[in-house]
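For reference, the structure discussed in these notes is given below.
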Amino acid sequence: MSVKPFTKLLVANRSEIAIRICRAATELGIKTVAIYSHEDRFALHRFKADESYLVGEGKRPVQAYLDIEDIIRIAQESGVDAIHPGYGFLCENPDFVKACEAANIKFIGPSSDIMEKFGNKVSARYVADAANVPTVPATGPLPDAIELVAEMASKVGYPLMLKASWGGGGRGMRVIENEAELQAQVDSGKRESKAAFGNDEVYLERLIRRARHIEVQILADHHGNVVHLFERECSMQRRNQKVVERAPAPYLSDEERQEICMSALQLMKSAGYENAGTVEFLWDVDDGQYY
């Protein structure tokens, strides 16, 4: 596949994130375009780019940076080759990626198809299963009828972890020790998921009582080449969110480290992933298995 180098890049973000992207692009000889909300009209990031344009006129600050239609308009009118989303805002929004693809502008990140597969945890599990990468026993999305939920829960086996299908940050997660707790915890998890992500889809996963959280960083190009940058230990958490990351994970043997990193590569190759990404694993302290 022949890939033409970028000559002009729009940064769909603000502040320090946008500044760092502009600096990297400038060092590569790529011209940059910044966007800014009305409230950010004096922000430093707009002056660090070669060009800058008001986005989402009349909208609130956050909503301005989420205005997909206006971002694409600015990108087309300024003649950019690519859009870099930074992190936050639209960086994991498949609709934004689709809009970039429709406008023939390269989105610097995974394709919309990949983003849709991995943006939903249930869908991501199916991809992992198809790639023969081990996953924790779990249900699909839970139905409304609590009787059916109870049947699904008993098949997986207690104790269980309730998880939101969409989003992250530990939102919607609940430990369910037995059937007596099931309905109240499912209802509570659904409400939190709806409030945080606009979607109340949840599922149940067997709880690994003593688990370590391991992440493997990968990079993948347009030619099917995928490499890993080894693992980091992320078990120190508060409210199911990482507080400290440590690399390398001190408790893994060389053989175990090799195995878990190879599983990350196997998953991303199977999915046809492109760009940077992270594969997250749970390591069962009691039996040494990972998922």
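The values are calculated or read from the model by the stated rules, or taken from the named source; none is laboratory data. For clarity, every value in this text was computed on a predicted model and none was experimentally measured. Quick reminder, even Gly has a Cβ in these numbers, built from the backbone with ideal geometry, and neighbours come from all protein chains shown. The accessibility values were calculated without ligands, DNA or RNA, using every heavy atom of the protein model including side chains. Shrake-Rupley method; radii C 1.70, N 1.55, O 1.52, S 1.80 Å.
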query: Which pairs do you get when a residue that is closer than 21 Å to residue 126 by Cβ, found in the stretch 140-163, comes within reach of a residue that is open to solvent by less than 30 Å² (accessible area, probe 1.4 Å) and charged (D, E, K, R), reach meaning Cβ atoms under 7 angstrom, with the pair 6+ apart or on two chains?
result: 160/205; 161/205; 163/205
Condition check for residue 19: among the hydrophobic types (A, V, I, L, M, F, W, C), farther than 23 Å from residue 116 by Cα, in contact (Cβ under 8 Å) with a residue 12 or more places away in the chain and open to solvent by less than 40 Å² (accessible area, probe 1.4 Å): yes
statement: Note on the stretch 217-227: residues in contact (Cβ under 8 Å) with a residue 12 or more places away in the chain, surrounded by fewer than 18 Cβ atoms within 10 Å (Cβ to Cβ) and at negative phi are 217, 219, 221, 222, 223, 227
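Tell me, yes or no, whether the stretch 68-87 has at least one residue that is surrounded by 14 or more Cβ atoms within 10 Å (Cβ to Cβ) and of a type in the set (Phe, Trp, Tyr). Break it down into steps so the answer makes sense when it comes.
Kept after step one, since they are surrounded by 14 or more Cβ atoms within 10 Å (Cβ to Cβ), are these residues of the stretch 68-87: 68, 70-75, 78, 80-86.
From what is left, the residues that are of a type in the set (Phe, Trp, Tyr) are none.
Within the stretch 68-87, none of the residues are surrounded by 14 or more Cβ atoms within 10 Å (Cβ to Cβ) and of a type in the set (Phe, Trp, Tyr).
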- prompt: With respect to residue 131, is the statement that it is under 27 Å from the mean Cα position of the chain (by Cα), open to solvent by less than 30 Å² (accessible area, probe 1.4 Å) and more than 22 Å from residue 212 (Cα to Cα) true?
  reply: yes
statement: Counting only helices (runs of 4 or more DSSP H) entirely within the stretch 52-126, those with at least 2 residues that are among the β-branched types (Val, Ile, Thr) are 68-78
query: Within the bounds of the stretch 164-185, is there any residue that is in a helix (DSSP H, G or I) and touching a Lys or Arg at 6+ places or on another chain (Cβ under 6 Å)?
result: yes
statement: Among residues of the stretch 140-185 being closer than 27 Å to residue 238 by Cβ and among the hydroxyl-bearing types (Ser, Thr, Tyr), the residue surrounded by the fewest Cβ atoms within 10 Å (Cβ to Cβ) is 158
task: Pairs only if they're at least six apart or on different chains, beta carbon under 6 angstrom, first in the stretch 196-207 and open to solvent by 50 Å² or more (accessible area, probe 1.4 Å), second β-branched (Val, Ile, Thr); list them, first residue then second.
output: 206/136; 206/156
message: Out of everything in the stretch 1-16 that is open to solvent by less than 40 Å² (accessible area, probe 1.4 Å) and outside any strand (DSSP E or B), what residue ends up being farthest from residue 88 (Cα to Cα)?
response: 12
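Please verify whether residue 214 is over 25 Å from residue 91 (Cβ atoms), open to solvent by less than 40 Å² (accessible area, probe 1.4 Å), β-branched (Val, Ile, Thr) and in contact with a strand residue (DSSP E or B) (Cβ under 7 Å, 6 or more places away or on another chain), treating the condition exactly as stated. Quick ask: steps written out before the conclusion?
Values: over 25 Å from residue 91 (Cβ atoms): no; open to solvent by less than 40 Å² (accessible area, probe 1.4 Å): yes; β-branched (Val, Ile, Thr): yes; in contact with a strand residue (DSSP E or B) (Cβ under 7 Å, 6 or more places away or on another chain): yes.
For residue 214, the condition - over 25 Å from residue 91 (Cβ atoms), open to solvent by less than 40 Å² (accessible area, probe 1.4 Å), β-branched (Val, Ile, Thr) and in contact with a strand residue (DSSP E or B) (Cβ under 7 Å, 6 or more places away or on another chain) - is not met.
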- prompt: Residue check: is residue 190 crowded, with 17+ Cβ neighbours inside 10 Å and in a strand (DSSP E or B)?
  reply: no
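If only one of 98, 117 is closer than 27 Å to residue 219 by Cα and surrounded by fewer than 18 Cβ atoms within 10 Å (Cβ to Cβ), which one is it? Please lay out each step first, then the result.
Details: 117 fails: surrounded by fewer than 18 Cβ atoms within 10 Å (Cβ to Cβ).
So the residue among 98, 117 that is closer than 27 Å to residue 219 by Cα and surrounded by fewer than 18 Cβ atoms within 10 Å (Cβ to Cβ) is 98.
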message: Within the stretch 25-67, take every residue that is of a type in the set (Ser, Thr, Tyr) and touching a helix residue (DSSP H, G or I) at 6+ places or on another chain (Cβ under 7 Å) and give me the one that is most open to solvent (accessible area, probe 1.4 Å).
response: 53
